[in-house]
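Contents: one structure, followed by commentary.
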Amino acid sequence: MIVTSPGRNFVTLKIVTDEGVTGVGDATLNGRELAVAAYLNEHVVPLLIGRDPHRIEDIWQYLYKGAYWRRGPVTMTAIAAVDTALWDIKGKVAGLPVYQLLGGRSREGVTVYGHASADTVDGVLAEVAKYVADGYKAVRLQAGIPGLSGVYGVHTGPGVYEPASAAVPAEAVWSTERYLHHVPSLFERVRDEFGPTLKLLHDAHHRLTPIEAARLGKSLEPYALTWLEDPVPAELQEGFRLIRRHTTTPLAVGEVFNSVWDCQQLITEQLVDYIRTTVVHAGGISALRRIFDLAALYHVRSGSHGATDLSPVCMAAALHVDVSIPNFGLQEYMPHTEETDEVFPHGYRFENGYLHPSEAPGLGVDIDEELAAKYPYRPAALPVNRLEDGTLHSW
Ligand code: EZ4
Ligand code: CO
């Protein structure tokens, strides 16, 4: 178990077999890192000693059913770390990159989307131009809202966007009225300037009610989004029926989900178009593949979360899944800081709008433990959000 903070906090599980083969798995849960570290140290690692590392499915079931207390982000992130590390080991023993064990390539590269954000619409336009020049085929747009400061997803200065800051959460102020009024003008400008083929996305970050989301979806229809993400908090899966009845804007959801049960109704009722669960938070490569297989039956494609709080170990694992499944949609990609990349040497690479998994046996990613030790853990929580009258709202 390695906890390190090269620019931000990461938890990494490293498994070493009795034959000396090592595997790594991401166990990072942003703002709740040490809960997963303790879960692994106290309740999982002791159970792994002496077990056959090749029995990935059996170990997964053992940790899932064996805990009695099923699901939840802490448990599922811990299971994900074990599962990911075991796939890494299996690949290394087989001498194959993990995507070959998952059935081989279904595409030449993994289409990713970048994050264009700025306080002003002009600023976002300039950002989009940079992404297009770098070859990106898809861009997520987030802009500052007149009258609000510290809006989700908007860079506050140069460098990597990072919402987790102090040990005690920062507080932002939110107004749905101001937001709904402003967002369509952003998309109108970008569509006008960049034409019809660039894929455009937007993240509402769980802030709306179904009827508000329906209105936003409708108002964005002229700009043909690839997806509107997390329009509402998704505990109430049937709430998406209402959004769906009113708009043809495609919907994406799932970055906070931790099992197939969180998305079952959304998928089987065809209430969403993209499912955004990840390797690290949804139980690992084995569990993610099951979710995507279910999704494929219902015309739902993958769109895995890939913000910087998911470590390069998660990104490496995600790319093996992305390149192999038949119903891949898009992969989120926010490059990590240089310090992070140095602590996690990896073989995946970006080229002309696509990411390519490493061809090395296993996942093709490692952790430099000596370097990791130079970056001690620093408590950092995600912000909270309040309405203008002080009411606590989803962030
Ligand atoms: O706010 O990963 O689509 N991406 C996102 C992220 C989340 C962070 C929370 O840790 O919504 O930026
Ligand atoms: Co999101």
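The values are calculated or read from the model by the stated rules, or taken from the named source; none is laboratory data. Note that the structure is predicted; figures quoted are calculated from it, not measured. All Cβ positions, even for glycine, are placed from backbone atoms using ideal geometry, and neighbour counts span all protein chains on display. Just the protein is used for accessible areas: all its heavy atoms, side chains included, with ligands, DNA and RNA removed. Shrake-Rupley method; radii C 1.70, N 1.55, O 1.52, S 1.80 Å.
Remark: segment 18-31, residue by residue, has Karplus-estimated 3J(HN,Hα) of 5, 8, x, 8, 10, x, 10, x, 6, 10, 8, 10, 3, x Hz, where x stands for each Gly or Pro and the curve is 6.51 cos²θ - 1.76 cosθ + 1.60 at θ = phi - 60°. Restricting attention to the chain, the count of lysine pairs at 8 or more positions apart or across chains with alpha carbons under 17 Å apart stands at 4. Quick check: the angle from helix 312-324's long axis to the longest principal axis of the chain, C-alpha only, nearest 10 degrees? The angle comes out near 80 degrees. Evaluated with a Cβ-only charge set (Lys, Arg +1; Asp, Glu -1), the chain carries a dipole of roughly 920 debye about its Cα centre, given to the nearest 20.
Counting only DSSP beta bridges with both residues in segment 101-359, the antiparallel share comes to about 20 percent.
The mean sequence distance of close C-alpha pairs (under 8 Å, at least 6 residues apart), as a share of the length of segment 289-363, puts its relative contact order at 33 percent.
In order along segment 73-84, the Karplus-derived 3J(HN,Hα) couplings, from 6.51 cos²θ - 1.76 cosθ + 1.60 at θ = phi - 60°, round to x, 5, 4, 6, 5, 5, 5, 4, 4, 5, 4, 4 Hz, and Gly and Pro are given as x. Where the alpha-carbon atoms of the chain are placed on the principal axes, they occupy 60, 43, 43 Å, in descending order. Expressed in nm², what is the orientationally averaged projection area of the convex hull enclosing the Cα positions of segment 33-93? Mean orientational projected area (segment 33-93, Cα hull): 4.1 nm².
Restricting the calculation to Cα atoms, segment 82-181 shows an Rg/Rh of 1.15 when the hydrodynamic-style radius is the Kirkwood one.
With axes computed from alpha carbons, what is the tilt in degrees of helix 121-133 against the longest principal axis of the chain, rounded to the nearest 10 within 0 to 90? Approximately 50 degrees, to the nearest ten. Using C-alpha pairs under 8 Å with a sequence gap of at least 6, the mean separation divided by the residue count of segment 122-248 gives a relative contact order of 24 percent. Computed from Cα atoms, the angle from the helix 210-220 axis to the main principal axis of the chain rounds to 70 degrees. Magnitude of the charge dipole for segment 157-230, about its Cα centre and with charges confined to Cβ atoms of Lys, Arg (+1) and Asp, Glu (-1), is about 160 debye. Accessible area per residue for segment 101-359, computed on protein heavy atoms with a 1.4 Å probe, is 38 Å². Expressed as a fraction of 2.2 N^0.38 Å, the value expected for a compact globular protein of N residues, the C-alpha radius of gyration of segment 126-165 is 1.32. Mean separation of Cα pairs under 8 Å and 6 or more residues apart, divided by the residue count, gives segment 101-359 a relative contact order of 20 percent.
Computed in the context of the full set of protein chains, the accessible area of the chain at 1.4 Å probe radius has 53% of its extent on carbon or sulfur.
Determine the sum of side-chain charges near Asn327: Lys and Arg each +1, Asp and Glu each -1, restricted to other residues whose C-beta is under 15 angstrom from that of Asn327. Surrounding charge for Asn327 is +3.
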